[in-house]
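**Student:** Here it is: the structure, laid out below.
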Amino acid sequence: MKLRLGVLGSGKGSNLRAIVECINDGRLNAEVRLVLSDVANAGILDLARDLNIPAMYVRPGRFRTKLDPEVEQDMVRLLNEADVELVVLAGFMRILKGALLSSFAHRIINIHPSLLPKYPGLEAWKQALKSGEKETGCTVHYVDNGIDTGPIIAQKKVSIEPDDTPERLHARIQKAEHELLPMVIADLQGSAGG
Ligand code: GAR
């Protein structure tokens, strides 16, 4: 049985692309049933439409860092209507607080561009570079109501070169993300007995 995914994103959607590529070449037995974004002109929505995946903008409401409670409820409804089993946050830049967490308990994962618990929040690669770290990486974790907190599932390390720029480092971290996230989804699919 294919694992039915719902993907939430606010950005360009390169992690969505990586998931779909792994599905297409048979490394991941899953299907993306729905893509939702809180950003009307996010690249992830265009990408989803190009890939013939149902995609929708959800107006986030009155807060800057979280969603209105009724918006979370709407998203739960949409994800349930699409029969989604696992929700993947692929660059979704808002904290979840209510209905999504309770309805998809232990069924929401997030990818973050640092070796958590170090450097949660925005532009984590810049934080790691500024702190003089020799290595950083990316983390996939279960989502709770904090900022990039929740039980860690897997991490992939990326070394920081002496002459690294934020752009170069971020690009290498993203490459690691594109390997790690589909692999974790495949593992979850396997352990779900699918
Ligand atoms: C990814 O690097 C992801 O780790 C990050 O947003 C980017 C989305 O890229 N997420 C966070 O920082 C979450 N705190 P994408 O739109 O190309 O997949």
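Since every read-out is calculated from the coordinates, none of them should be taken as a lab result. Since the structure is predicted, the reported quantities are computational estimates derived from the model, not experimental observations. Ideal geometry is used to build each Cβ from the backbone, glycine not excepted, and the neighbour counts take in all protein chains shown.
**Student:** Take PHE92, PHE63, PHE104 and order them by how many other Cβ atoms sit within 10 Å, fewest up front. Intermediate results must be reported in sequence, preceding the final value.
**Tutor:** Values: PHE92 25, PHE63 13, PHE104 21.
If I rank by nearby Cβ atoms, fewest first, I get PHE63, PHE104, PHE92.
**Student:** Separate question: Quick one: helix 14-24 against the long Cα principal axis of the chain, what's the angle to the nearest 10°, folded into 0 to 90?
**Tutor:** 60 degrees
**Student:** Past 29 Å, Cα to Cα: identify those pairs from LYS118/LYS175; LYS2/LYS118; LYS12/LYS97; LYS66/LYS126; LYS134/LYS175; LYS97/LYS134, in the order given. Could the numbers behind the result be given before it?
**Tutor:** Working: LYS118/LYS175 19 Å; LYS2/LYS118 34 Å; LYS12/LYS97 24 Å; LYS66/LYS126 23 Å; LYS134/LYS175 18 Å; LYS97/LYS134 34 Å.
In this structure, LYS2/LYS118; LYS97/LYS134 exceed 29 Å between Cα atoms.
**Student:** To the nearest 500 deg cm²/dmol, what mean residue ellipticity at 222 nm is calculated for the chain from DSSP H runs of n ≥ 4 alone, each contributing -39,500 (n - 2.57), summed and divided by the residues? It would help to have the intermediate numbers written out before the result.
**Tutor:** On the way: 6 runs with 70 residues, N = 194.
Helix-only estimate at 222 nm: -11000 deg cm²/dmol.
**Student:** Give the residue from ALA90, MET1, TYR119 lying farthest towards the positive end of the charge dipole for the chain; charges sit on Cβ (+1 for Lys and Arg, -1 for Asp and Glu) and the dipole is referred to the Cα centre.
**Tutor:** The residue sitting farthest along the positive end of the dipole is TYR119.
**Student:** Tell me the Rg and the Dmax, in Å, that the Cα atoms of the chain produce.
**Tutor:** For the chain, the Cα-based Rg and Dmax read 16.0, 49 Å.
**Student:** Still on this structure, I have one more. Exposure proxy check: VAL35, VAL84 ranked by fewest other beta carbons within 10 Å? It would help to have the intermediate numbers written out before the result.
**Tutor:** Working: VAL35 27, VAL84 22.
Lowest to highest Cβ neighbour count: VAL84, VAL35.
**Student:** Take the Cβ-Cβ distance between LYS134 and ALA154 as r, set R0 to 30 Å, and report the resulting FRET efficiency rounded to the nearest 0.05.
**Tutor:** On the way: r = 21 Å, r/R0 = 0.69.
E between LYS134 and ALA154, to the nearest 0.05, is 0.90.
**Student:** Also, I was wondering about something else. So if we plug the beta-carbon distance of ILE147 and ARG27 into 1/(1 + (r/R0)^6) with R0 = 25 Å, what FRET efficiency do we get, rounded to 0.05? Please list the in-between numbers first.
**Tutor:** Numbers: r = 31 Å, r/R0 = 1.23.
It comes out at approximately 0.20.
**Student:** Would you give the gap between the C-alpha center of the range 82-126 and the C-alpha center of the range 8-75, rounded to a whole Å?
**Tutor:** 12 Å
**Student:** Which of the peptides 160-173, 66-79 is most tightly packed, and how do the rest follow, judged by the mean count of other Cβ atoms within 10 Å per residue? Each step should come with its number before you reach the end.
**Tutor:** Working: 160-173: 14.3, 66-79: 18.4.
By packing density, highest mean first, the sequence is 66-79, 160-173.
**Student:** Taking the Cα atoms only, what angle lies between the long axis of helix 69-81 and the longest principal axis of the chain, rounded to 10 degrees?
**Tutor:** Taking Cα atoms only, the helix is inclined about 70 degrees.
**Student:** Test of understanding: extend the Cα→C-beta vector of HIS106 to 7 Å, then name every residue of the range 142-185 with backbone N under 15 Å from that spot.
**Tutor:** Residues 142-144, 151-153 qualify, since their backbone N sits under 15 Å from the label point.
**Student:** Mind giving me the FRET efficiency for ASP83 and GLU167? R0 is 30 Å, r the Cβ-Cβ distance, nearest 0.05 is fine.
**Tutor:** After rounding, the FRET efficiency stands at 0.15.
**Student:** Follow-up. Based on the Kirkwood radius over alpha-carbon pairs, what is the Stokes-Einstein translational diffusion coefficient of the range 14-103 at 25 °C with 0.890 mPa s viscosity, in µm²/s?
**Tutor:** Answer, rounded: 178 µm²/s.
**Student:** Also, quick follow-up: Please give every one of the aspartates and glutamates within straight-line cross-link reach of LYS157, meaning a C-alpha to C-alpha distance under 14 Å, and leave out same-chain neighbours fewer than 8 residues apart.
**Tutor:** Qualifying aspartates and glutamates at Cα under 14 Å: GLU133, GLU135, GLU177, GLU179.
**Student:** Projecting each Cα onto the charge dipole of the chain (Lys/Arg +1, Asp/Glu -1 at the beta carbon, about the Cα centre), which of ILE53, LEU180, SER10 comes out farthest on the positive side?
**Tutor:** Among ILE53, LEU180, SER10, the one farthest towards the positive end of the dipole of the chain is SER10.
**Student:** Under the classification rounded if a/c is under 1.5, otherwise prolate if a/b is larger than b/c and oblate if not, where does the range 15-59 fall, given a ≥ b ≥ c as square roots of the Cα gyration tensor eigenvalues?
**Tutor:** Numbers: a/c = 2.63, a/b = 2.26, b/c = 1.16.
It comes out prolate by the Cα gyration axes.
**Student:** For the range 1-98, with only Lys/Arg (+1) and Asp/Glu (-1) charged at the beta-carbon, what is the dipole magnitude about the Cα centre, in debye rounded to 20?
**Tutor:** Details: 14 positive and 13 negative charges, 63 e Å.
Dipole size: approximately 300 debye.
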